[in-house]
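Engineer: Just dropping this structure here.
The values are calculated or read from the model by the stated rules, or taken from the named source; none is laboratory data. In this text, all values refer to a predicted model and were calculated from it rather than measured experimentally. All Cβ positions, glycine included, derive from the backbone under ideal geometry; neighbour counts span all protein chains shown. Side chains are part of the model used for accessible areas, which takes the heavy atoms of the whole protein and leaves out ligands, DNA and RNA. Shrake-Rupley method; radii C 1.70, N 1.55, O 1.52, S 1.80 Å.
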Amino acid sequence: MSTTEWLKPLERILDCPVRLVKMQLSEWNDIAEKNHYLQAEEHGRSLALEGQRVQREDKMWVAVRVDEHEIEVLEIEGSRFEESTLDLLSLMLRWNETRPAHDKAAGKLTESEKTARSIGEWIQEQFESGEPGQSMPDHLTAGGKLFADMIPFLLVTEYSNTKQAAYVELEKLLRSFLAEEILLIPLREQEWLIWGPVSLLKEADSEVFDDDDEESVEDNLASICLGLHEMLASEWIGECHLAVSHPIRPAKGIVETTAALRETINLGRKFHVGSNIHFPWNLQLERLLNSIPESQRARYLEQSLKRTELFVEAEMLATLETFFSLDCNVSETAKKLYIHRNTLLYRLDKLKQETGLDVRQFRDAVLVKIILLLYKVTKRH
């Protein structure tokens, strides 16, 4: 969880302004000596550890993160707090410090993780500022590497008690599966932005790859995403959602890409429950329907379902889902459902007789597809 995400809830709990400030460790020690130091000392020397507190006039300072020369302090406005509340806050900060050593890399981050976390914080700041159109600052572009085309993935884990914070472990897995030239950026809690080299597309299908063949690119992206999800689900994180988009230059469009991938996963989870891999090029209709006010969607669905309950019968739902997934191909649908072609035609004719909609006609197929998508969303409310 980023700093900005836990500071706001803490302000609501304490009902007072809270902010993070940095200072030199020597300055902290001076303050601790000159003011009422509330924590233990060792051999007469103040210990700078996470969770320690110093009361200074109308402010309470709590040590959050201690480095060799610098300390990050939680500055809390006000002076009247229950001792139990402050003890609990200190306990939480000390617990954070005792997380597994591989997560903290012995108190120090690798250079790649430092850069990645800085980029992640910058992305979050852009969203919170309400002006997410800015280009990435030069000092965050990894020496210019992010000006090259890369493939963006967004990973969202299902459970907060997973090994989500193990940056080094996840980075190692991604490098072994994708390539050495990956960039892993932690965003919000349970959310990771992954950048892979565009050369993965050519490796996925070197014989038929064509830069101008968009369908081929999307097929290869889908294949890479499927393999990546399978690896992550089985070897690291368990249940998770993964989205991928077309290659772009991170330095120029990282914020917009993050927003688009978040929308892709949200739409996929909303309209296609049970699916864990999501592609933006397959969700255009869902994006359009999602932009329609919920009351209008519900009213249209209610009017449609008044004509017949056949739409929501399990057998018909499965038939139509398969039919649409196979581009309305009768023969392939019958084969996939393990039924005779005439059985499938009978079901489609039955739908036509009761609703007046023939899904073998493009216009009617679109209407039925919309009804099914709206039904998926509204039936869960």
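Engineer: What Kirkwood hydrodynamic radius, in Å, does segment 292-379 give when the mean of 1/r is taken over all pairs of distinct Cα atoms and then inverted? Walk me through the numbers before you get to the answer.
Structural biologist: Details: mean 1/r = 0.0750 Å⁻¹.
Taking every pair of different Cα atoms in segment 292-379, averaging 1/r and inverting gives 13.3 Å.
Engineer: For segment 268-317, with only Lys/Arg (+1) and Asp/Glu (-1) charged at the beta-carbon, what is the dipole magnitude about the Cα centre, in debye rounded to 20?
Structural biologist: Details: 7 positive and 6 negative charges, 49 e Å.
Around 240 debye, computed over segment 268-317.
Engineer: Next up: With each label point set 7 Å from Cα along the Cα-Cβ vector, what nm distance links Arg360 and Asp149?
Structural biologist: Result for the modelled spin labels: 4.2 nm.
Engineer: Now for a separate question. Any idea of the accessible area per residue across segment 261-321, 1.4 Å probe, to the nearest Å²? Walk me through the numbers before you get to the answer.
Structural biologist: Details: 3240 Å² over 61 residues.
Here the residues of segment 261-321 average 53 Å² of exposed surface.
Engineer: Share of segment 111-286's accessible area from carbon and sulfur, percent, 1.4 Å? Numbers along the way, then the final one.
Structural biologist: Details: 3750 of 8170 Å².
Reported share for carbon and sulfur atoms: 46 percent.
Engineer: Assuming R0 = 35 Å, can you tell me the calculated FRET efficiency for the pair Tyr346 and Ala179, based on Cβ-Cβ distance, to the nearest 0.05?
Structural biologist: Details: r = 51 Å, r/R0 = 1.45.
With a Förster radius of 35 Å, E is 0.10.
Engineer: Could you give the length gained by full extension between Gln24 and Gln303, i.e. 0.36 nm per residue of separation minus their alpha carbon distance, to one decimal place? Numbers along the way, then the final one.
Structural biologist: On the way: separation 279, 0.36 × 279 = 100.44 nm, distance 6.69 nm.
Between Gln24 and Gln303, full extension yields 93.7 nm more.
Engineer: State the Kirkwood hydrodynamic radius of segment 111-286 in Å, one decimal place, computed from all pairs of distinct Cα atoms.
Structural biologist: Working: mean 1/r = 0.0607 Å⁻¹.
Hydrodynamic radius (Kirkwood, Cα only) of segment 111-286 equals 16.5 Å.
Engineer: Full extension from Arg269 to Leu310: what is 0.36 nm times the residue separation minus their Cα-Cα distance, to one decimal in nm?
Structural biologist: That works out to 12.3 nm of additional length.
Engineer: To check you understand DSSP bridge types, tell me what percent of the beta bridges within segment 111-286 (both residues inside) are antiparallel, rounded to 5. Mind dumping the intermediate values first?
Structural biologist: Values: 17 of 19 bridges.
So the antiparallel bridges amount to about 90 percent of the total.
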